[in-house]
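Notes to accompany the following structure.
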Amino acid sequence: MRNYLAALASGMAVLAVGMGVTAGEDPSRTLRPVTTFSAISDQRERSVALFTEAGKVIMHPRCMNCHPRGDRPTQGEDSHPHQPLVVRGDFGLGAPGMRCTTCHGPANFDPGGVPGHPLWHVAPIEMAWQGKSLAEICAQIKDPERNGGKTLEQLVHHMAEDSLVGWGWHPGAGREPVPGTQKDFGVLIKAWVDSGAACPTP
């Protein structure tokens, strides 16, 4: 019995490595490398699989909280309404007299638990993600009318290089970072675009 369990454990470890997941890691906290999707021969199916993997980042509270469906951003792992009460305001910078920069500085202020970045702001309402399925967000991300006028190539650059997007991997003490790394995420998005940028079925 002991030999059987040892063999089973060994087999599970090999399977995990083959899937791009190290034994002991939580798959929801990692991003599988692009190479793990190369065995999917159908291009559309592979494209959808790549975006679904990238969806671990897109659907994470670190991203969702800054893409609220209403005028008030949310915060925390449970995406509760932002405290104190603030609103999107012009250009996502907050209302006059209560700008985002009133509390959010150019860097995380960990002793006080206040996140920060030089470009801190709320995404435009056209880019609201909360309450939508991954399929709906996918269609939205591809639509220049709802993605800030970006082409797919510009979208790849935004996801892979933008430092405010990158904050999600360095959110400061007490906050769960999004899965993987920004580089991993950018590579997945590029592979998704290169494979036809197919969206999951609604």
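None of the figures in this text is laboratory data; all of them are computed from the coordinates on show. None of these values were measured; they are calculated from a predicted model. Backbone-built Cβ (ideal geometry, glycine too); neighbour counts: all protein chains shown.
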| task | Before anything else, pin down the relative contact order of the chain: Cα pairs under 8 Å, at least 6 apart, normalised by residue count, whole percent. | result | 26 percent
| remark: Under the Karplus relation with 6.51, -1.76 and 1.60 and θ = phi - 60°, whole-Hz ³J(HN,Hα) for the stretch 134-147, x at Gly and Pro, equal 4, 5, 5, 5, 4, 4, 5, 4, 7, 8, x, 6, 10, 10
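Mind counting lysine pairs for me in the stretch 89-202? Cα separation below 15 Å, and the two need to be 8 or more apart along the chain or on different chains. Before the final figure, lay out the partial values.
On the way: Lys132/Lys142; Lys142/Lys150; Lys142/Lys190; Lys150/Lys190.
Total qualifying Lys-Lys pairs in the stretch 89-202 comes to 4.
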| Measuring from label point to label point, each 7 Å out along Cα→Cβ, what is the His170 to Ser28 span in nm? | 2.7 nm
| Spatial separation of Cα centroids for the stretch 22-73 and the stretch 108-157, in angstrom | 15 Å
| said: Between Arg69 and Ala139, what is 0.36 nm times their sequence separation minus the Cα-Cα distance? Round to one decimal in nm. | reply: 23.6 nm
| Can you list residues whose amide H is under 5 Å from Val114's amide H, if they're 5+ apart or on another chain and H is modeled 1.01 Å from N? | Phe109
| query | By residue number, which cysteines of the chain lack any other Cys whose Cβ falls under 4.7 Å from their Cβ? | reply | Cys63, Cys66, Cys100, Cys103
| message | Can you give the local net charge around Glu53? Use residues other than it whose beta-carbon is closer than 12 angstrom to its beta-carbon, Lys and Arg +1, Asp and Glu -1. | response | +2
| request: With label points built 7 Å along Cα→Cβ from the Cα atoms of Lys183 and Ser38, find their separation and express it in nm. | output: 1.8 nm
| remark: At 10 °C and 1.306 mPa s, the Stokes-Einstein diffusion coefficient in µm²/s for the stretch 22-81, with hydrodynamic radius from the Kirkwood sum on alpha carbon pairs, is 117 µm²/s
